[in-house]
Amino acid sequence: MQVFRQPSRSLLSSLVVAVSAIAFLVSTGVGVVWPLAWLAPIPVLVLALHRPWRAAAVIAFTASLLGDLTLARTYGPGAVLIFGIPPSVAFAAATLAARAAARRMVPWLAVFAFPTVLTSYEFLFSRISPNGTFWSLGYSQTDFLPLLQVVSLTGLWGVVFVLTLVPSAATLAWHRRSVSPLMPALAILLLVLGYGTWRLLQAPASASVRAGLAATDRGLPEASITTDPSMALTVAAAYADRVARLAAQGAQIIVLPEKMVGVTSDSADALMKVLSDAARAAHVTVIAGLSRNGVQPRRNIALVISQDGTVVVEYEKRYLVPMIETTFASGKTLGLFAGPGADWGVAICKDLDFPTWSRAYGQRGVRFMAVPAWDFVRDGRLHSRMAVTRGVENGFTIARSAQQGLVTFSDAYGRILGEQSSATDPMMVQSIPTGPGATLYTRYGDWFAWANVVTLGALLLVLIRAIVPNSKSEAAQR
């Protein structure tokens, strides 16, 4: 009987790992089946309550790591180690915390162990990671607009908390065969969704600015890294033509991609004349992403060219891509300008992976953000939705133009107003609304995340005080 029972336990563990991993795989990261993110932790949490702690930790770690295997396909095998292992360790730790809390705390309190650990981890890790909030569980829910609105109060961390609270409560309710553990989670969920629905109803129906986006994947990466003046002028002329065509469709401001062309001291004057003439002739504001090559360090910049052809802002990318942009300098200054409709900001691609940097724009009264970007093809949707989240957090509309990704218009409520793949050489003009401006999150920042960290400390103290006496009692009985 024992011979039969052991394989059965192993088979069940393998099945649980497979089910949870598949659910994570298709719902988080570059996955799009967002409802499954609510269910993915449940099989692991249920099994963990019936396994020794070491087995529970291994099961949780394995399920989470396998659920991140799309990292390998998107960025290469090494990305699994860099981006997959830390959250998998955190998921295992949260599972063990939930297991301990279920055994030693009252049910209504025990349900908070799992979300508190994961929310605290994601927040603290984002503050030290060179990739910011990249690959957060919270981005899986950007299509669930009533939930997404909570970021205007709590930042991304409110989504992570609610998303992990519900499966924690469902697990404990199943384990106790009682609905009482569900009550606090359902109450919080209803409050959050109620607020989100109300906020969406406040969204303005009218649009105030006609904006244009253009991008292409042709000629990459040669166009970006070139030091050849003739190639640079050819690329600039092609984008100048796009500016004219977008302006003919009524665009007042046009956003072009990150590092759309490389520029050197030999090509700078002629290239700038092409872009300035295009803005002046079309009477539009143009945001153009350039790579200053032939110098050390190189510079990843976005120029804001006014309707009279004058460069009014030269913004330098604040957060560089690790291991890729190692030869580039990092900027330190916000890019602010008076554009059509209201105050605008400009930031580049990865800058919007960092909530604190985006929040600084909200604090300066920005209502629109122009974002030149360059993605990695398969992560185009994920990266665009990270930018969408920054807009909801801080109350601004976003116009994002990405090479090897998506060109996207989104409003301050997370609604996608227009979107196309850069693989189709898109030129898109859209009427976009002015964002409402600073939110509670803009004003008070990561108050909710820090509250989770404090709660985690209190939770650990309670669990330690509960575990230590029991351990001593068991040792004495032996």
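The values are calculated or read from the model by the stated rules, or taken from the named source; none is laboratory data. From a predicted model like this one, the values you see are computed outputs, not experimental measurements. Quick reminder, even Gly has a Cβ in these numbers, built from the backbone with ideal geometry, and neighbours come from all protein chains shown. Note: accessible area is taken over every heavy atom of the protein model, side chains too, but ligands, DNA and RNA are not part of it. Shrake-Rupley method; radii C 1.70, N 1.55, O 1.52, S 1.80 Å.
For ALA173, work out the one condition from (1) within 30 Å of GLY250 (Cα to Cα); (2) open to solvent by less than 30 Å² (accessible area, probe 1.4 Å) it doesn't fulfil.
The failed condition is (1).
Answer yes or no: is there a residue in the stretch 42-63 that is under 21 Å from the mean Cα position of the chain (by Cα) and either farther than 22 Å from LEU460 by Cβ or assigned to a helix (DSSP H, G or I) (or both).
Looking for residues that are under 21 Å from the mean Cα position of the chain (by Cα) and either farther than 22 Å from LEU460 by Cβ or assigned to a helix (DSSP H, G or I) (or both), one finds none in the stretch 42-63, hence no.
Output the strands (runs of 3 or more DSSP E) that fall wholly within the stretch 286-381 and possess 3 or more residues being over 30 Å from GLY31 (Cβ atoms), or say none.
299-305, 311-316, 335-338, 343-346
Here is a yes/no grid of residues against (1) open to solvent by less than 60 Å² (accessible area, probe 1.4 Å); (2) under 19 Å from the mean Cα position of the chain (by Cα); (3) over 19 Å from ALA342 (Cα atoms):
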site: ARG367; (1), (2), (3): no, no, no
site: TRP374; (1), (2), (3): yes, yes, yes
site: ARG378; (1), (2), (3): no, yes, yes
site: GLY391; (1), (2), (3): yes, yes, no
site: ASP411; (1), (2), (3): yes, yes, no
site: ARG415; (1), (2), (3): no, yes, yes
site: SER422; (1), (2), (3): yes, no, yes
site: ASP446; (1), (2), (3): yes, yes, yes
site: LEU456; (1), (2), (3): yes, no, yes
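Within the set of pairs 6 or more residues apart or between chains, which connect a residue that is assigned to a helix (DSSP H, G or I) inside the stretch 205-224 to a residue that is basic (Lys, Arg) with Cβ atoms less than 6 Å apart?
SER224/LYS259
Within the stretch 11-20, which residues are surrounded by 21 or more Cβ atoms within 10 Å (Cβ to Cβ) and within 27 Å of the chain's Cα centre (by Cα)?
Start the filter on the stretch 11-20 by keeping residues that are surrounded by 21 or more Cβ atoms within 10 Å (Cβ to Cβ), which leaves 16-17, 20.
If the condition is that a residue be surrounded by 21 or more Cβ atoms within 10 Å (Cβ to Cβ) and within 27 Å of the chain's Cα centre (by Cα), then VAL17, SER20 are the ones that fit.
Picking from GLY155, GLY132, GLY138, which residue would you name as being within 19 Å of PRO35 (Cα to Cα) and open to solvent by less than 10 Å² (accessible area, probe 1.4 Å)? So that I can check it myself, show each step before the final result.
Numbers: GLY155 fails: within 19 Å of PRO35 (Cα to Cα); GLY132 fails: within 19 Å of PRO35 (Cα to Cα).
Among GLY155, GLY132, GLY138, only GLY138 is within 19 Å of PRO35 (Cα to Cα) and open to solvent by less than 10 Å² (accessible area, probe 1.4 Å).
Does the stretch 76-83 contain at least one residue that is more than 29 Å from GLY405 (Cα to Cα) and either part of a helix (DSSP H, G or I) or at pLDDT below 95 (or both)?
Scanning the stretch 76-83 turns up no residue that is more than 29 Å from GLY405 (Cα to Cα) and either part of a helix (DSSP H, G or I) or at pLDDT below 95 (or both).
Could you list, in sequence order, the residues of the stretch 307-330 that are open to solvent by less than 50 Å² (accessible area, probe 1.4 Å), more than 30 Å from GLY250 (Cα to Cα) and β-branched (Val, Ile, Thr)?
VAL321
Considering only the stretch 325-369, how many residues are more than 17 Å from ILE432 (Cβ to Cβ) and either modelled with pLDDT under 95 or among the polar types (S, T, N, Q) (or both)?
Going through the stretch 325-369 one residue at a time, the tally reaches 7.
Pick from the stretch 90-104 the residues that are in contact with a Leu (Cβ under 9 Å, 6 or more places away or on another chain) and open to solvent by 20 Å² or more (accessible area, probe 1.4 Å): which of them is farthest from PRO43 (Cα to Cα)?
Of everything passing the filter in the stretch 90-104, ARG104 is farthest from PRO43 (Cα to Cα).
Given the condition open to solvent by less than 10 Å² (accessible area, probe 1.4 Å) and closer than 23 Å to TRP157 by Cα, answer yes or no: does some residue in the stretch 73-83 qualify?
Within the stretch 73-83 (the criterion being open to solvent by less than 10 Å² (accessible area, probe 1.4 Å) and closer than 23 Å to TRP157 by Cα), the answer is no, since none of the residues qualifies.
Please verify whether the stretch 201-211 includes one or more residues that are out of contact with any His (no Cβ under 8 Å at 6 or more places or on another chain) and either under 30 Å from VAL106 (Cα atoms) or among the acidic types (Asp, Glu) (or both).
Of the residues in the stretch 201-211, the ones out of contact with any His (no Cβ under 8 Å at 6 or more places or on another chain) are 201-211.
Next, from what is left, pick out any that are either under 30 Å from VAL106 (Cα atoms) or among the acidic types (Asp, Glu) (or both): none.
No: zero hits.
Within the stretch 399-411, does at least one residue satisfy the condition of being out of contact with any Cys (no Cβ under 7 Å at 6 or more places or on another chain), farther than 19 Å from ALA302 by Cβ and in contact (Cβ under 8 Å) with a residue 40 or more places away in the chain?
Within the stretch 399-411 (the criterion being out of contact with any Cys (no Cβ under 7 Å at 6 or more places or on another chain), farther than 19 Å from ALA302 by Cβ and in contact (Cβ under 8 Å) with a residue 40 or more places away in the chain), the answer is yes, since at least one residue qualifies.
From TRP108, TRP38, which residue is assigned to a helix (DSSP H, G or I), at pLDDT 95 or above and open to solvent by 20 Å² or more (accessible area, probe 1.4 Å)? Steps first, please.
Details: TRP108 fails: at pLDDT 95 or above.
The match here is TRP38.
Can you tell me which residue within the stretch 341-365, out of those that are open to solvent by 20 Å² or more (accessible area, probe 1.4 Å), over 30 Å from ALA72 (Cβ atoms) and of a type outside the set (Gly, Ala, Ser), is nearest to the chain's Cα centre (by Cα)?
ARG359
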